[in-house]
Amino acid sequence: MIDRKARELAAGQRRALLALGRQASARLELRRVNRMLAVALDNVRTLEGLVPMCAHCKAVRDDDNTWMRVDGYVIKHWAARVSHGICPDCAAKLYSDIDLSMRDTGLSSAN
C-alpha cells in the first residue's frame, strides 16, 4: 500500500538512507574505475622472454625467423608509435663538424 501523505523519517531511518546512498555512490564509482582499468589493461602489452638481437646492426629476429629493425619490431609487438631522434654519442660521431651545443635557436615555426 502506498501512503497518500508523505511521512517524516525517524533520525535512524535518515541515517540509514544516507548511508545507503553513500554505499550506492561508492559502488557506482568502483564500477566506473574498474571499467577504466579494464580498458587500460586491454591497451597494455608486455614483451616477455629473450629477444634475439644482432650484435652488430641491432636488428631483431622475429618469431618467423625474419630479421627486422628494432623500431619495426616495437611497432609490431607493442602497438606503439616510434619517434626518431639521435643520441648525443651518435650525433658527435656523425656530425662532428657541426656545433650541436646550441639547442634552442629561438626560432619557431611561426617565424
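Give the residues of segment 78-105 that are under 32 Å from the mean Cα position of the chain (by Cα) and at pLDDT below 80, sorted by residue number. Trp78, Ala79, Ala80, Arg103, Asp104 - these are the residues of segment 78-105 that are under 32 Å from the mean Cα position of the chain (by Cα) and at pLDDT below 80. Of all residues in segment 1-54, those satisfying the criterion of being modelled with pLDDT under 90, over 21 Å from the mean Cα position of the chain (by Cα) and exposed (fewer than 10 other Cβ atoms within 10 Å of the Cβ) are Met1, Ile2, Asp3, Arg4, Lys5, Ala6, Arg7, Glu8, Gly49, Leu50.
The values are calculated or read from the model by the stated rules, or taken from the named source; none is laboratory data. Treat the numbers as computed from the prediction; the structure is a model and nothing was measured. Please note: Cβ atoms are built from the backbone with ideal geometry, for glycine as well, and neighbour counts cover all protein chains shown.
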